[in-house]
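Worksheet: one structure, shown below.
The values are calculated or read from the model by the stated rules, or taken from the named source; none is laboratory data. Predicted model, so just to flag it, every value in this text is computed and none were measured. Neighbour counts are summed over all protein chains in view; Cβ atoms, including those assigned to glycine, are modelled from backbone coordinates with ideal geometry. Side chains are part of the model used for accessible areas, which takes the heavy atoms of the whole protein and leaves out ligands, DNA and RNA. Shrake-Rupley method; radii C 1.70, N 1.55, O 1.52, S 1.80 Å.
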Amino acid sequence: MNNIVTRFAPSPTGYLHIGGLRTALFNYLYARANGGKFLLRIEDTDLARNSTDAKDAIIQAFDWVGMDYDGEVVYQSQRFSLYTEYVEKLLKAGKAYYCYMQKEELEEKRKEAEANGQVWQYDRRYRDFNGTPPEGVKPVVRIKAPLEGEIVFKDGVKGEMRISAKELDDFIIARSDGTPTYNFVVAIDDALMGVTDVIRGDDHLSNTPKQIVVYEALGFEVPRFFHVPMILSPQGKKLSKRDGAMSVMEYKDLGYLPQALLNFLVRLGWSYGDQEIFSMQEMLEFFDPSNLNSAPSSYNAEKLLWLNAHYLNMLNTESLNVILPFYGTNVPNQEVQEILYPEIKERSKTLVEFVEILKKCLNPVESFDQKLHQKVKNDENIHFFKEFLVYLNALKKPLKTPQEVESEIAAFADFQGLKAKSLFMPLRYAMLGSSGGVGIAPLIAALGIEATKERILKALESLQDIGKEEKSF
Ligand code: GLU
């Protein structure tokens, strides 16, 4: 389809969370896949509830996930005069009018109706008013909504929607202080920005008829709408922070990769056969909003982890080197990168786990696991550590690869009449202090003989008090 223009229009009253990012992604994919435009509009008219931090975090999150938008970010707070112009236009055209009904009376009527189990609708008393306005009352501006018929639109997810004109009243488009109201500005902006397709959460479904009233009053073309069901918790409830309703940047802090998060989100509410893993290229190729699901999707933390492990495993060394400093670790030397990165990638699901294992490999053992200590503490291992230190001291060549380490351990075991296999547990104890972590031969190859000797010596000290003995190695 040609000339698709979509937009993402967050309100910066809180941080960008994953529901918002999913909406942005759907809009982004649809525009990009069709050579169209994807626009970003910050809906910051609620000056009291907006936070600059939240605005910045939205832009930051876009940067992090690599979603680019066209043109400059549009800030509604900078467009008040434009909105006022359109209020004037409608007033002039007789499509909107001043309403002098006092707030207090309105409140009273509303309460009265509520007490009777009804919803009060403004009675349009000023719709055709041409008398003298009451003194001292600052009027609001109301739009002339249709009195009969239906507002009909085809929602790309929900199907055909029909709303009787009776359900709408002449809603306010400008408050008594002159500020424009939400549905009015959304419609104006979407129209002026040339938005052809609006994909958004279905919590906005009930706003759509009002926005259509504004479009029609101003003679703008109504865009296509796609109202996407919410992301629910696994229990089918509103997503809580515990379930994953976090700010997008918190996912970064927790060690998730943007590729994984986007892949995870695209599948919440959209599917393409039973494919689970989508590169950005594939998302662009296959995404079609007409395949958006009308049933709510549910958040699955395990699946996100699984996807993250997948993308983490695919990261190349250069990318890892760029990312690692964010997680508080320097880029290690070449040997470590080449030998240990693949080992650690295989064993971690998040970058936080990756860095934990990396640090465990690189830092001298601080404390030994008690259970392992009990298992390892015997005379044979004390003997083994001592002999192995002598052996390593006498070694004339460096051990550069895990294979070289393994064959050297085998040669040593052979020489000592031991089984090479039985040496790996004490070596793990010495090199890492506990079970888990990476393979021991790769670790020795990556750290080199000197660091290995230091760790073995420390392990030996932990097994026996050799402080008083003369160290012969
Ligand atoms: N600003 C609205 C929100 O953050 C979205 C408006 C829209 O997409 O039309 O929920």
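Can you give the angle from 0 to 90° between the axis of helix 351-362 and the longest principal axis of the chain, with both taken from C-alpha atoms, to the nearest 10?
20 degrees
Is any residue of segment 116-138 close enough, with backbone N under 19 Å, to a label point placed 7 angstrom from the Cα of E104 along the Cα-Cβ axis, and if so, which?
Zone members listed by number: 134-138.
Rounded, prolate or oblate, given the Cα gyration tensor of segment 101-254, with a/c below 1.5 counting as rounded? Let's see the in-between values first.
Numbers: a/c = 1.91, a/b = 1.59, b/c = 1.20.
Verdict is prolate for segment 101-254.
Name the residue farthest towards the positive end of the dipole of the chain from the options A61, N207, Q464, assuming +1 on Cβ of Lys and Arg, -1 on Cβ of Asp and Glu, about the Cα centre.
Checking the options against the dipole of the chain, the answer is Q464.
Over what distance in Å are the Cα centres of segment 6-29 and segment 352-403 separated?
That distance is 49 Å.
Going down the table (K377/K453; K55/K238; K158/K237; K55/K154), which pairs top 30 Å between alpha carbons?
Violating the 30 Å limit, Cα to Cα: K55/K154.
Taking every Cα atom in segment 267-393, find the radius of gyration and the maximum pairwise distance Dmax, and write them in Å.
For segment 267-393, the Cα radius of gyration and maximum Cα-Cα distance read 22.0, 71 Å.
Can you compute the radius of gyration and Dmax for segment 191-296, using only the Cα atoms, both in Å?
That works out to 16.6, 49 Å for Rg and Dmax.
So what are the three principal axis dimensions of segment 343-473 from its Cα atoms, in whole Å, longest to shortest?
Answer, in whole Å and largest first: 44, 31, 24 Å.
P(r) of segment 353-425 in 10 Å steps, Cα pairs, percent per bin?
The calculated distribution, bin by bin, is 15, 40, 38, 7.
For segment 1-119, what does the accessible surface come to per residue with a 1.4 Å probe? Please give it in Å².
Roughly 52 Å² per residue, with all protein chains present.
Under 15 Å from the 7 Å Cα→Cβ point of V352, by amide nitrogen: which residues of segment 210-246?
Backbone N within reach: 241-246.
What's the extension gain from T13 to K237 if we count 0.36 nm per residue and subtract their Cα-Cα distance?
78.4 nm
Express in nm, to one decimal, how much length is gained between H373 and N393 on full extension, taking 0.36 nm for each residue of separation and deducting their alpha carbon distance.
Numbers: separation 20, 0.36 × 20 = 7.20 nm, distance 2.50 nm.
Extra length available between H373 and N393 comes to 4.7 nm.
Just how many % of Cα pairs in segment 1-93 lie over 22 Å apart, if you round to the nearest whole percent?
On the way: 1525 of 4278 pairs.
Tail of the P(r) past 22 Å holds 36 percent of the pairs.
Arranged from highest to lowest average of other beta-carbon atoms within 10 Å per residue, in what order do the peptides 239-246, 211-218 appear?
Ranking the peptides 239-246, 211-218 by packing returns 211-218, 239-246.
So how much slack lies between R175 and A93, counting 0.36 nm per residue of separation and subtracting their Cα-Cα distance, in nm?
Working: separation 82, 0.36 × 82 = 29.52 nm, distance 1.90 nm.
Contour length minus Cα-Cα distance gives 27.6 nm.
Simple spin-label model, 7 Å along Cα-to-Cβ: I277 to E335 in nm?
Those two pseudo-labels are separated by 3.2 nm.
Keeping all protein chains in place, calculate the accessible area per residue for segment 238-333 (probe 1.4 angstrom), answer in Å².
Roughly 48 Å² per residue, with all protein chains present.
Quick one: which residues, 5+ away or cross-chain, put their amide H under 5 Å from the amide H of E150? H built at 1.01 Å from N.
When sequence neighbours closer than 5 places are left aside, the close amide H contacts are A165.
Considering only protein heavy atoms and a probe of 1.4 Å, how much of the accessible area of the chain is carbon and sulfur, as a whole percent?
So the carbon and sulfur contribution to the accessible surface is 49 percent.
For V5, what residues show an amide H to amide H distance below 5 Å, using hydrogens built from the backbone and excluding near sequence neighbours?
K37, T196, D197
Under the Karplus relation 6.51 cos²θ - 1.76 cosθ + 1.60, θ = phi - 60°, what is the ordered set of whole-Hz ³J(HN,Hα) values for segment 313-319, x standing for Gly and Pro?
Listing the rounded values in order: 5, 8, 5, 8, 4, 4, 5 Hz.
Need one number: nm distance between label points at E285 and E114, each 7 Å from Cα along Cα→Cβ, rounded to one decimal.
Distance between the two pseudo-spin positions: 5.5 nm.
How large is Rg over Rh for segment 180-229, taking Rg from the Cα atoms and Rh as the Kirkwood inverse mean of 1/r across Cα pairs?
Working: Rg = 10.1 Å, Rh = 10.8 Å.
Rounded to two decimals, Rg/Rh equals 0.93.
Once amide H atoms are built 1.01 Å from N in the peptide plane, which residues 5 or more positions from M230, or in another chain, come under 5 Å H to H?
Placed amide hydrogens put D202 under 5 Å from M230.
For segment 80-189, what is Rg from Cα atoms divided by 2.2 N^0.38 Å, rounded to two decimals? Could the numbers behind the result be given before it?
Working: Rg = 15.5 Å, N = 110, 2.2 N^0.38 = 13.1 Å.
Cα Rg divided by the expected 2.2 N^0.38 Å: 1.18.
If you take every residue apart from E338 with its C-beta less than 15 Å away from the C-beta of E338, what net charge results, scoring Lys and Arg +1 and Asp and Glu -1?
For residues surrounding E338, the net value is -3.
Give me the distance in nm between label points sitting 7 Å out from Cα along the Cα-to-Cβ direction at D414 and E167, one decimal.
Placing both labels 7 Å beyond Cα along the Cβ direction yields 8.3 nm.
Excluding ligands and nucleic acids, what accessible area in Å² is computed for H383 using a 1.4 Å probe, to the nearest 10?
Only protein atoms counted, so the area is about 90 Å².
Helix 18-33 versus the longest principal axis of the chain: what angle, 0 to 90°, nearest 10, using Cα atoms?
Value to nearest ten degrees: 80.
Nearest 10 degrees, 0 to 90: what angle lies between the long axis of helix 80-92 and the longest principal axis of the chain (Cα atoms)?
It works out to around 30 degrees.
Rg and Dmax in Å for segment 324-363, alpha carbons only: what are they?
Spelled out, the Cα radius of gyration and Dmax of segment 324-363 are 9.1, 23 Å.
When the dipole is taken about the Cα centre of the chain, and only Lys, Arg (+1) and Asp, Glu (-1) are charged at their Cβ, what size is it in debye, to the nearest 20?
400 debye
Can you give me the convex hull volume of the Cα atoms of the chain, divided per residue and expressed in Å³?
Per-residue hull volume (Cα only) is 207 Å³.
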